[in-house]
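Student: One structure follows; several queries about it will come next.
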Amino acid sequence: MAKKSAKSSAPGGLVNRRARFDYELSDDIVAGLALTGPEVRAARDGHVQLRGAFVSVKDGELWLNNASFSVKLNEKGSSNRTVDTRARKLLANRKQIDSFKASKQQGMTIVPTKLLTQGKYIKVVIALGKGKKTYDKRETIKRRDIEREHARQMR
C-alpha cells in the first residue's frame with residue numbers, strides 16, 4: 001500500500017496572521033466559497049494568500065476581494081502557475097449577510113482570517129474588524145517581545 005504524501009498546507013487551513021495584527025477582530029462566521037476546479041486544487045495545495053484580502057458587500061452578497069490564488073496552468077509537462085486575484089462570491093445566510101452589512105455601514109471592516117480546506121468544501125472564516133492605530137500595533141509588538149523573552153528565560 002502506498003503512503004500518502006503530506007500536504008504542504010497546515011492542518012486546518014491557511015491563516016491570515018496579518019489580519020490579527022492590523023485589526024481588533026470581533027464576530028466571525030464561516031462562509032463557503034464559490035471556486036472553479038483549478039482554484040480548489042490551489043487551495044488544497046496551500047497556494048493561496050489572504051494577506052491584503054478583504055470582503056465587500058455588493059447587491060446583498062458577500063465578495064472576497066484581493067485573495068491570491070496561484071492557479072496551475074493547463075500545459076503538459078510544465079508547472080507554470082499564474083496568480084489570480086479576481087473577486088469570489090462567498091456563500092452565507094441572509095441573516096449573517098445583513099448583520100455584516102449593518103456593521104460595515106458603522107465603519108467596521110470585514111476581513112478573512114482563515115481558509116479551511118479540511119472537509120469536502122473549501123470555506124473561509126471572515127470576521128468583523130476595527131483597524132488598529134499605529135501605537136496599538138507597537139504595543140502588540142512590545143508585548144510579544146516581552147513574552148518571548150520570558151519564554152527564553154524559563155528554558
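Student: How large is the direction-averaged shadow of the alpha-carbon convex hull of the chain, in nm²?
Tutor: Over all viewing directions, the chain projects a mean Cα-hull area of 13.5 nm².
Student: Looking at region 106-146, which trypsin sites (Lys or Arg not before Pro) are DSSP coil and have at most 14 other C-beta atoms within 10 Å of their C-beta?
Tutor: Lys120, Lys133
Student: Which chymotrypsin sites (Phe, Trp or Tyr not before Pro) from region 46-155 combine a DSSP loop assignment with at most 13 other Cβ atoms within 10 Å?
Tutor: Here the sparse-neighbourhood loop sites are Tyr121.
Student: Apply the Karplus curve 6.51 cos²θ - 1.76 cosθ + 1.60, θ = phi - 60°, to the phi angles in region 101-115 and return the couplings in whole Hz, x for Gly and Pro.
Tutor: For region 101-115, the Karplus-derived couplings read 5, 5, 5, 5, 5, 8, x, 7, 10, 9, 10, x, 10, 7, 10 Hz, x marking Gly and Pro.
Student: If you take every residue apart from Ala151 with its C-beta less than 12 Å away from the C-beta of Ala151, what net charge results, scoring Lys and Arg +1 and Asp and Glu -1?
Tutor: Details: positive: Arg144, Arg148, Arg152, Arg155; negative: Asp145, Glu147, Glu149.
Value of the local net charge: +1.
Student: OK, next. Which value in nm describes the separation of the simple spin-label points at Ala34 and Asn80, placed 7 Å from the Cα toward the beta carbon?
Tutor: About 2.9 nm separates the two model spin labels.
Student: Here is a follow-up. Evaluate E = 1/(1 + (r/R0)^6) for Lys120 and Ser56, where r is the Cβ-Cβ distance and R0 equals 30 Å; express this FRET efficiency to the nearest 0.05.
Tutor: With a Förster radius of 30 Å, E is 0.65.
Student: Provide the gained length on full extension for the span Thr134 to Asp45, in nm with one decimal, where the gain is 0.36 nm per separating residue minus the Cα-Cα distance. List each step's numbers first, then the result.
Tutor: On the way: separation 89, 0.36 × 89 = 32.04 nm, distance 3.47 nm.
In short, 28.6 nm is gained.
Student: Further question: So what's Rg/Rh here for region 71-155, counting alpha carbon atoms and using the Kirkwood radius for Rh?
Tutor: Expressed as Rg/Rh, it is 1.14.
Only the coordinates and a few stated rules stand behind these numbers; no lab work does. These numbers come from a predicted model, not from an experiment. Note that each Cβ is placed from the backbone with ideal geometry, even for glycine, and that neighbours are counted across all protein chains shown.
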